Structure formats: structure tokens, C-alpha cells
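*Asks:* After the C-alpha cells below, expect a handful of questions from me.
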Amino acid sequence: MVHKILKWAVILCGFFFFRIVSSCQSTQVQLYHNAQLAPKHVQAKQAQGRLGMVATAHPLASQTAIRVLDLGGNAVDAAVAASFMISVVRPQSTGLGGGGFMILHHARQGLNKVFDFRERAPQQATQNMYLDHAGQPKPFVWQGKTYKSSSVDGGLAVAVPGLVDGLLRVHEQHGKLPLAALMEDAIRVAREGFLVYSSLAKASARRAPILAAVDASRRLFYPQGRPLQVGERLVQRDLAVTLEMIRDQGRAGFYQGKVAQQLTQSVRKYGGVLTQQDLDSYHMKERQPLMGRFKGSTLVTMPPPSSGGVHILQMLGILSQFDLSADRPGAVETVHLTAEIMRHAYADRARYLGDPDFVYVPVQELLAPDYLQAIAAQISRARATPSHELVHPDIQIPQESRSTTHVSIVDREGNAVSTTQTINHSFGSGVVAQGTGVVLNNEMDDFSVKPGVPNGFGLVGSEANKVAARKTMLSSMSPTIVLDKKGAVDMVLGAPGGPRIITAVFQVIVNRLQFKMDLYRAVQSLRLHHQWLPDKLMFEQTLLSPQDQVALQNLGHTVVQDPWFVGDIQAIAREGGRWVSVSDMRSEGVALAQ
């Protein structure tokens, strides 16, 4: 009898324990679904699978993309759904008021397509619009207060948004599911809210002066007279309504009517020049993908007006001129060579890169074998070349933000999407359009406000990237797809980080293809960065020991440890007959698999 009682006691205890655990797990999943970040131990930085794969910079965006794939959507559907969601949950990084690039690999047809929905200069933009009477960069002044730069803060910094047009047109051409199904999650989270996480709170504190100055921005991101705090709920009801208008009316729901009127009025209230005609005339551009080869793989990457693809291929081409058999990742010799290659590429970026619709960009010349060999011949493995001493062969001719985001998707049919999107600096221009919830970009700062004068990220530009009406500003965004020898997708990747996007993507490709790292290690490895000017070799955390730093200084480098190093790679790759997706440990991102 006693044994029976004990037996039933154990069964009942087990039952109630199971119910309690199940209840806790359900609560956790529900909270997670409502955009609270899951505890770190359930945030997957790596996932494995054989069907659809996702890597984005926020758990909810990854969940949304997987849900869409489960519904039978393809890679484009999942990317569009994730893009709308990440516009809600990362307002400091991207949004309807921004733009971006997308690369699509269509497996069955063997096609690679490139979509440019980058922001563009308004029709009233002029070459000297950011200069004062003395020809110097002028600040933004509002209600008696002066802010750093009119190309960074306020309405004059705003370029024509392209994200909505791009997502809708790509979906119309290549998507399978109805738009309403793709936008459902984003609308719900905008209306119900989500819990503020660390990097969002830090960004609102960093941009507090301009957010507090703009009425709609202050109400949304500077409540109670202070920046957002971790754990508070951010509700964006106006944005939910705007998303619903896009869902119901398509492009007209954003570029025409009430939303368009509120966009233009808000920009002009804070000193900008955006007009209804600018919105009416905006359209996404389809461009030819930039292709290159490295270690037997084919890279499909972004052509100008992005500088990313050109210089990733250029750096890989220069690297190929060296015998790397004895090189080890992180060794002084490898760091020195990598920094020198970066230095040369960014010097060319400053000199030649711009909008190909306005200036000739010598892409083929920059990637020509003879040119790459000539650059490699200038690199000494025993001495750093000061940036002001660089002498590049003459080419005969007939800058950006931490607050960017990337989405990588592969579907069960082998189709892949790599898309990078941005509003430039944290919270863009700082202007939220009244009544819309739309954070407007400050992409105009990616032009050369004055040739030779650094932009907000220290990048120096030339005449090729000067401001002009309807022109697309130069970008560093580098969405990339790597194909194997049979032409099938082998890797999908991209990153935010302004000028560091290019070097981050470059290093992950080198880690995997040159140093044979698995994808997780390739993404999470510590990184370095050199962008020609300022002439500094910047490195992350403990990448270099004190002894290594001294050795590099003896080679002639100015070595700087950067406490804020970005890259936030979101990547997918084929490993051992299955897919692996990896989200960078440097962000709140999550990698998921079907």
C-alpha cells in the first residue's frame, strides 16, 4: 500500500512539475514573441538545418522570417517580412525613412539580381548646401540651439527614402505570399510595443540632444524628459498605422496622401527641402551584380553606388598576390598585411567612388590584375606605409553609420537574399515625421559635404561624391553572396558599421575561405580596421597583445584599441551537407533554422 501511495505521489509530483515547467516555457516563448529579448542562454547565435535559414540583428525579425518560410514563403518573402519587423524593433538602425541594397540569388534559374533602393538627394539639393558663407560646414540651428552639423541633424540631412519602394517592388517581382501576411507581425509589435534593450537605450542616450529637440521624436524616444531605459516598453502606434496604410495601399500608402504630406511637412519644418515631387519620382533601380573570384569561389556583391563590393574584391585581389601559407590569423605579420591592404583600398575609395549615374567609377580598372599587382608591389611586409605617402598608378578615366542592419536568408529551394538597410547615424536625422512614427534618415552626410573634409565617420571624399540633385550618395553597405564551384549558394553575409562594413565582411570571407574557419569562428573572431584616413590601425578588444602592439608600432603603425568596435555580421553558410546560420555576438541578433 505504501509503495502504491509513493508511486502515485511521484506520478502526481511529476505531472505538476511538468505543468509548471510547461507553463514557464510557454510564458517565456510568449514574452519573447512580444519582443522582449529572451535570456541570453536561449538566444541562438548559431543554428543548423537543412531547409530555410535566417540570421538577423533582432530575435523578432528572425522569428518573423522563419514563420514566413514555414508558411511556404520564399527567401524574398522572408526578407521583406524581416525588414518590416526590424524597422519596428531597431528604429535606431533602419526603418521606413531609410533605404538599402539587396542581392537575390535565384537557384532554379541560376540568376543573381541586385536591387538599389538607397536614398537619393532631393531635387533642391545643391553642391554647397551644407557650407556657410565662408565655405565651411555649417551647423544645424533650431530654436536658438546649435547642433553639430546640418548634414547630420535636422531636416536638411534627410534624403528621399527608398526602403518602402524597394521592398514592395522586389516583393511584387519575386515574392509568393500576400503582402498582408508578411507585414502582420511588424504591425502587431508596433502597436503592442516591445521591451527596450541595451543598444537601443544607449543609442537614444547618445542622440538625446536632437531627439529632445524634435517634437515627435521627443514624445517617442525621449519620454519623461530622458532617454529610453532598458526594460521600458516602446509603443509606436503611429508607425503601426503607417504600416497598415502600406499594407492596404501599397506604395501610395507611403509616397502619396496623408503620410507623404506629413513626411514633407516635417522635413521642411526642420530646415529640409524634401518635396512631394521627390517622393513621386523615387523608384528602385536594378543594377548589374559585381562578380569576382577568390579561392575557387565566386562572389556576388554590390556595385556602385556602394563602395563595398568594389573594395572587398579589390582587397581579396591584392591579398591573392601574397604567399599566405605561413600566415596565421591574428599574428603580427597577418595583421600588418591586412591593414596595409585596407589602407590602399580606402585611398582608392576616397579618390574614385561615387554614383555611377553621375560620374564614371573605374570599377574594372580598380580590379584589373595589373593594377592589383602594382598595389601589392608597393606593400612592404617589413614597414607600414604612411597614408600620405601612398602613390597609386594613374587610372585613365574616359562615407556612413553604425546604425545600419543586415538580414541574411536562405530558403529550402536554395534561393538566397542578402540585404543591408540603414538610416545612417543612430536615429538618422533625429526627425520623426509628425503623426507617422517614421524616423527619417540623415543619409546626406554620406556625400562629400566639402571634398577633403571628413564626414561623420571620418571618411574623406572627393568630387566624385559631391552633393547633386537626385544623386545617390556613396555607401559602404556590402551585402554579399558566395557561390561554390557549381554555382550554388555557399555563403550569405553582410553587416552594419559604416566604413567598417567593408573590412568586417572582407575579414569573414578571408577567415572562411583562406584560413578554413567554420562559419561561427569566422564571424566571431576579433577584427581590425584601417580606412586610410585617419592613419590609424584600429583593433578590437584583445585581438593584439601588448607585445604585438609594440611590434606593429615598430613597423610604423599607429595602433588604437577601439572600445566600440562593430561589425554585427549576419551570415549563413553550407557546412558538411547542412546549413549553418550565425548571428554576430556583437548584437542582439539571432540565428534560426526551419
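The values are calculated or read from the model by the stated rules, or taken from the named source; none is laboratory data. Everything numeric in this text was worked out from a predicted model, so none of it was measured. Every residue, glycine as well, gets a Cβ built from its backbone with ideal geometry; the counts of neighbours run over all protein chains shown.
*Asks:* Checking residue 228 against (1) in contact with a helix residue (DSSP H, G or I) (Cβ under 8 Å, 6 or more places away or on another chain); (2) assigned to a helix (DSSP H, G or I); (3) of a type outside the set (Asp, Glu); (4) under 27 Å from residue 157 (Cβ atoms): exactly one of these is not met. Which one?
*Replies:* (2)
*Asks:* Now, a different point. Tell me which of these residue 548 doesn't satisfy, since it passes every other one: (1) surrounded by fewer than 20 Cβ atoms within 10 Å (Cβ to Cβ); (2) not in a helix (DSSP H, G or I).
*Replies:* (2)
*Asks:* Another question, if that's okay. Based on this model, can you work out whether residue 369 counts as closer than 28 Å to residue 110 by Cβ, in the same structural domain as residue 482 (by TED's automatic domain parsing) and exposed (fewer than 14 other Cβ atoms within 10 Å of the Cβ)? Give the steps one after another, and end with the answer.
*Replies:* Values: closer than 28 Å to residue 110 by Cβ: yes; in the same structural domain as residue 482 (by TED's automatic domain parsing): yes; exposed (fewer than 14 other Cβ atoms within 10 Å of the Cβ): yes.
Taking the combined requirement at face value, the residue satisfies it.
*Asks:* Would you call residue 345 surrounded by 15 or more Cβ atoms within 10 Å (Cβ to Cβ) and small (Gly, Ala, Ser)?
*Replies:* On the way: surrounded by 15 or more Cβ atoms within 10 Å (Cβ to Cβ): yes; small (Gly, Ala, Ser): yes.
When the stated conditions are applied, residue 345 passes them.
*Asks:* Given (1) buried (at least 23 other Cβ atoms within 10 Å of the Cβ); (2) out of contact with any helix residue (DSSP H, G or I) (no Cβ under 7 Å at 6 or more places or on another chain); (3) of a type outside the set (A, V, I, L, M, F, W, C), identify the lone condition not met by residue 380.
*Replies:* Looking at each condition in turn, residue 380 falls short on (1).
*Asks:* Is at least one residue of the stretch 401-415 at pLDDT below 95, in a loop (DSSP other than H, G, I, E, B) and more than 27 Å from the chain's Cα centre (by Cα)?
*Replies:* Of the residues in the stretch 401-415, the ones at pLDDT below 95 are 401-404.
From the residues that got through so far, the ones that are in a loop (DSSP other than H, G, I, E, B) too are 401-403.
Retained after the next criterion (residues that are more than 27 Å from the chain's Cα centre (by Cα)): none.
Checking the stretch 401-415: not a single residue is at pLDDT below 95, in a loop (DSSP other than H, G, I, E, B) and more than 27 Å from the chain's Cα centre (by Cα).
*Asks:* I'm checking my understanding of the structure. Among residues of the stretch 496-543 that are hydroxyl-bearing (Ser, Thr, Tyr) and in a loop (DSSP other than H, G, I, E, B), which one is surrounded by the most Cβ atoms within 10 Å (Cβ to Cβ)? Quick ask: steps written out before the conclusion?
*Replies:* Taking the stretch 496-543 as the starting set, the residues that turn out to be hydroxyl-bearing (Ser, Thr, Tyr) are 503, 520, 525, 542.
The next check asks that each one be in a loop (DSSP other than H, G, I, E, B); those that pass are 525, 542.
Working: 525: 17, 542: 9.
Filtering the stretch 496-543 for residues that are hydroxyl-bearing (Ser, Thr, Tyr) and in a loop (DSSP other than H, G, I, E, B), the one surrounded by the most Cβ atoms within 10 Å (Cβ to Cβ) comes out as 525.
*Asks:* Looking only at the stretch 236-284, which residues are surrounded by fewer than 16 Cβ atoms within 10 Å (Cβ to Cβ) and in contact with a Lys or Arg (Cβ under 9 Å, 6 or more places away or on another chain)?
*Replies:* Matches in the stretch 236-284: 237, 281, 283.
*Asks:* Same structure, new question: Say whether the condition of being surrounded by fewer than 18 Cβ atoms within 10 Å (Cβ to Cβ) and within 22 Å of residue 470 (Cβ to Cβ) is met by at least one residue in the stretch 292-313.
*Replies:* Checked against the condition, which is being surrounded by fewer than 18 Cβ atoms within 10 Å (Cβ to Cβ) and within 22 Å of residue 470 (Cβ to Cβ), the stretch 292-313 yields no hits at all.
*Asks:* Taking the stretch 187-242, which residues are touching a Pro at 6+ places or on another chain (Cβ under 6 Å) and of a type in the set (S, T, N, Q)?
*Replies:* Pass one, the stretch 187-242, residues touching a Pro at 6+ places or on another chain (Cβ under 6 Å): 204-205, 208.
Answer for the stretch 187-242, where residues must be touching a Pro at 6+ places or on another chain (Cβ under 6 Å) and of a type in the set (S, T, N, Q): just 204.
*Asks:* For the stretch 184-202, check the following and say yes or no: at least one residue is in contact with a Phe, Trp or Tyr (Cβ under 7 Å, 6 or more places away or on another chain) and assigned to a helix (DSSP H, G or I).
*Replies:* Applying the first criterion (in contact with a Phe, Trp or Tyr (Cβ under 7 Å, 6 or more places away or on another chain)) to the stretch 184-202 yields 186.
Checking the rest, the ones that are also assigned to a helix (DSSP H, G or I) come to 186.
Yes, there is a match, as at least one residue in the stretch 184-202 is in contact with a Phe, Trp or Tyr (Cβ under 7 Å, 6 or more places away or on another chain) and assigned to a helix (DSSP H, G or I).
*Asks:* Could you say whether any residue in the stretch 130-151 is within 30 Å of residue 268 (Cβ to Cβ) and part of a helix (DSSP H, G or I)? Quick ask: steps written out before the conclusion?
*Replies:* To start, the set of residues in the stretch 130-151 that are within 30 Å of residue 268 (Cβ to Cβ) comprises 130-151.
Right, trim to part of a helix (DSSP H, G or I) and you get none.
Scanning the stretch 130-151, I find no residue that is within 30 Å of residue 268 (Cβ to Cβ) and part of a helix (DSSP H, G or I), so the answer is no.
*Asks:* Here's a follow-up. Going through the stretch 556-583 one residue at a time, which ones are assigned to a loop (DSSP other than H, G, I, E, B) and either surrounded by fewer than 19 Cβ atoms within 10 Å (Cβ to Cβ) or modelled with pLDDT of 95 or more (or both)?
*Replies:* Here is the first cut: in the stretch 556-583, the residues assigned to a loop (DSSP other than H, G, I, E, B) are 556-558, 563-569, 576-577.
If the condition is that a residue be assigned to a loop (DSSP other than H, G, I, E, B) and either surrounded by fewer than 19 Cβ atoms within 10 Å (Cβ to Cβ) or modelled with pLDDT of 95 or more (or both), then 556, 557, 558, 563, 564, 569, 576, 577 are the ones that fit.
*Asks:* Determine if the stretch 104-120 includes at least one residue that is acidic (Asp, Glu) and over 17 Å from residue 495 (Cα atoms). So that I can check it myself, show each step before the final result.
*Replies:* We begin by selecting, within the stretch 104-120, every residue acidic (Asp, Glu); these are 116, 119.
Checking which are over 17 Å from residue 495 (Cα atoms) leaves us with 119.
Looking for residues that are acidic (Asp, Glu) and over 17 Å from residue 495 (Cα atoms), one finds at least one in the stretch 104-120, hence yes.
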